[in-house]
Ligand code: SF4
């Protein structure tokens, strides 16, 4: 059954933290807080357009949901619970910080039907967390993650490769530690310099240099590959190209690309095909039609790179987990192994 999120953005509400990369309002695009009446009308509007036969979750994004006052959390959750009890909504998803999780909080969330918690982990390197002003250490992440899993709530983890103090190795180790935690899903957001943030000052002072797009793709490729190999659902790679983020001057610098995931997918195939070309010369590729655009790459980059040697055709007898190159069946796992 198709799954839909009904997104509700709660701005910097109740958050006393100052993460260097955060300008909450710029990211969510909503300057004001959401009232319970507004929440109800957002849900009603979405319910009018979403198919009846689908799984629907109300998703509180944008802030530290469990950092707001318990009364307000209860008011928001109470509105959604009414729809859950009527069978119109299937669950609640929310994002928060690892240090805003406790047994009491989880008890409350479960009572109101919260099904998924996404933790803004960002890194599992103690120095990177410190330099980014996150205000917790990696142990807190492990603790919160196991509490969420023990409570029977699905766990999502967000990582931000490219934060201050990070390196390819540190970000990859963070990702490996995330695999060890075993979340149900991950989001990967390469770090961008957003205006009005502490990071913007660091950028102009020269104490922070963001990754280039090329560096970010190279850094994310192995991270993406180990998540996929571990069977973790990668629900997003790169910030959504929403209108507010595309406004002139919002992104000061950094590896933003509206199809970042496609770049990563294309690069995974490119690494493999380069090796194959060195061995065989020609590249006669067959793949399921759903894989063709990933292999060809964003704007046909791989077709251009490999030029005349690159031939690709549809063969729907192949599964999504395999391709054929020069008559040899290659599994997705082999392709992923090539970039880790
Ligand atoms: S990223 Fe989250 S925790 Fe950090 S300052 Fe922004 S809202 Fe607060």
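For segment 270-307, the set of residues classified as surrounded by fewer than 18 Cβ atoms within 10 Å (Cβ to Cβ) and over 25 Å from residue 214 (Cβ atoms) consists of 279, 280, 281, 282, 284, 288, 289, 290, listed by residue number.
Here's the yes/no breakdown for (1) free of Cβ contacts under 8 Å to residues at least 60 places away in the same chain; (2) over 15 Å from residue 339 (Cβ atoms); (3) buried (at least 24 other Cβ atoms within 10 Å of the Cβ); (4) touching a helix residue (DSSP H, G or I) at 6+ places or on another chain (Cβ under 8 Å):
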site	(1), (2), (3), (4)
176	yes, no, no, yes
180	yes, yes, no, no
192	no, yes, yes, no
202	no, yes, no, no
205	yes, yes, no, no
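Being in contact with a strand residue (DSSP E or B) (Cβ under 9 Å, 6 or more places away or on another chain) and over 29 Å from residue 174 (Cβ atoms) narrows it down to one residue among 304, 308, 299; which is it? Step by step, each of 304, 308, 299 is checked, and only 304 is in contact with a strand residue (DSSP E or B) (Cβ under 9 Å, 6 or more places away or on another chain) and over 29 Å from residue 174 (Cβ atoms). Taking the criterion of being under 23 Å from residue 156 (Cα atoms), surrounded by fewer than 18 Cβ atoms within 10 Å (Cβ to Cβ) and touching a strand residue (DSSP E or B) at 6+ places or on another chain (Cβ under 6 Å), the residues of segment 210-252 that qualify are 233, 234, 235, 236. Whether a residue is touching a helix residue (DSSP H, G or I) at 6+ places or on another chain (Cβ under 6 Å) and more than 17 Å from residue 63 (Cα to Cα) was assessed, and residue 119 does not pass this test. State which residue is farthest from the ligand (Cβ to nearest atom) when the search covers only segment 1-21 and only residues that are modelled with pLDDT of 90 or more and under 29 Å from residue 251 (Cα atoms). Ranking the candidates gives 4 first.
The values are calculated or read from the model by the stated rules, or taken from the named source; none is laboratory data. Note that the coordinates shown come from a computational prediction; the quantities given were computed from them, not determined experimentally. Quick reminder, even Gly has a Cβ in these numbers, built from the backbone with ideal geometry, and neighbours come from all protein chains shown.
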